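Shown next, in structure tokens, is the structure this report addresses.
Nothing in this text is a laboratory measurement; each read-out follows from the coordinates by a stated rule. Keep in mind that what you see is a predicted model, and the values were worked out from it rather than measured. Note that each Cβ is placed from the backbone with ideal geometry, even for glycine, and that neighbours are counted across all protein chains shown.
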Amino acid sequence: MKAKCKKPTNDKWKEKYKEIETVSEEGLPIVPDFWVWAKLPQVGELNRGKSKHRPRNDPILYDGPYPFVQTGDVRKAVGALTEYSQTYSEQGLSQSRLWQPGTLCITIAANIADTAILGFEACFPDSIVGFVPDSSDLDVRFYEYFIRTAKENLDRFAPATAQKNINLGILSEVAVPFPPAKEQDAIVGEIESRLSVVHSIETEIDTEMVRVLRLHQSVLRAAFSGCLIEAIIPETTEDGLNYTVRK
């Protein structure tokens with residue numbers, strides 16, 4: 001109304017807006033000054049993917065131009081989701097929703113709270129929740145890393161059924177820390193720097209493990225081809241019959 005240079009005649013307009021619920025900090029870790037605890041719906045859009053058509057495996061929904069991300073794709077991703085194994089047709093898109101790059105994907109069925117940041121436009125089913133920050137002050141990577149740390153606790157909310165799952169309501173109640181934008185950037189930068197070191201060490205270990213395995217196999221081949229020893233020679237001594245190994 002201010003932008004349109006209009007002055008409200010009364011306060012009825014306030015009735016359209018609900019007061020933001022504060023997050024009780026009881027039981028939550030202490031955070032630095034100028035940080036606050038918030039719920040994801042307070043700082044962005046949090047909604048399930050859409051897959052209205054039944055049966056879900058109807059062939060008319062698939063093999064089109066639109067990427068269709070599934071829980072398995074999110075599980076295999078490491079931070080950034082850059083690959084997918086299925087696509088939607090025009091019919092598939094019409095009963096779903098196309099999410100934009102930068103959306104945080106959170107699985108709520110089968111594998112609980114696996115996360116990845118969407119790297120392309122894509123649809124996904126209601127077994128995945130999408131989070132889209134409503135401000136440039138929120139770095140979606142910060143929240144992706146945070147949910148990784150909370151994954152174990154989120155899993156405790158899942159019912160003890162054959163297929164564990166949590167619902168959107170439970171995820172909407174999860175408290176997340178909300179630091180200033182510059183601190184988010186600094187934290188994400190430090191995390192990624194240290195994870196890069198970890199990745200380098202893992203790569204070196206993998207390389208050495210391959211080398212050890214090859215050496216192990218080489219030793220076994222040599223052993224069973226008679227290359228480790230030249231001969232086993234029996235010798236008679238005072239203690240009886242002994243054997244001498246010549247390498």
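Using only alpha carbons, build the gyration tensor for the chain and give me the equivalent ellipsoid semi-axes, biggest first, whole Å.
Values: eigenvalues 641, 132, 62 Å².
One finds semi-axes of 57, 26, 18 Å for the chain.
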So for the range 27-179, if I pair up every lysine 8 or more residues apart or on another chain, how many of those pairs have alpha-carbons under 24 Å apart?
10
Counting Lys and Arg as +1 and Asp and Glu as -1, each charge on the Cβ, what is the dipole of the chain about the Cα centre in debye, to the nearest 20?
1260
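Normalised by the number of residues in the range 27-179, what is the relative contact order in percent for Cα pairs under 8 Å and 6+ residues apart?
Values: 306 pairs, mean separation 47.6, N = 153.
After rounding, I find 31 percent.
Which loop-located chymotrypsin sites (Phe, Trp or Tyr not before Pro) does the range 3-52 contain, where loop means any DSSP state but H, G, I, E or B and the Cβ has at most 12 other Cβ atoms within 10 Å? The partial results should precede the final answer.
Values: sites: W13, Y17, F34, W35, W37; in loops: Y17, F34, W35.
Passing both the DSSP loop test and the Cβ count: Y17, F34.
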Given L40, S94, H53, which one lies farthest toward the positive end of the charge dipole of the range 27-179, if we put +1 on the Cβ of every Lys and Arg and -1 on the Cβ of every Asp and Glu?
H53
Cut-off 14 Å between beta-carbons: net charge of the residues surrounding Y145, Lys and Arg +1, Asp and Glu -1
-3
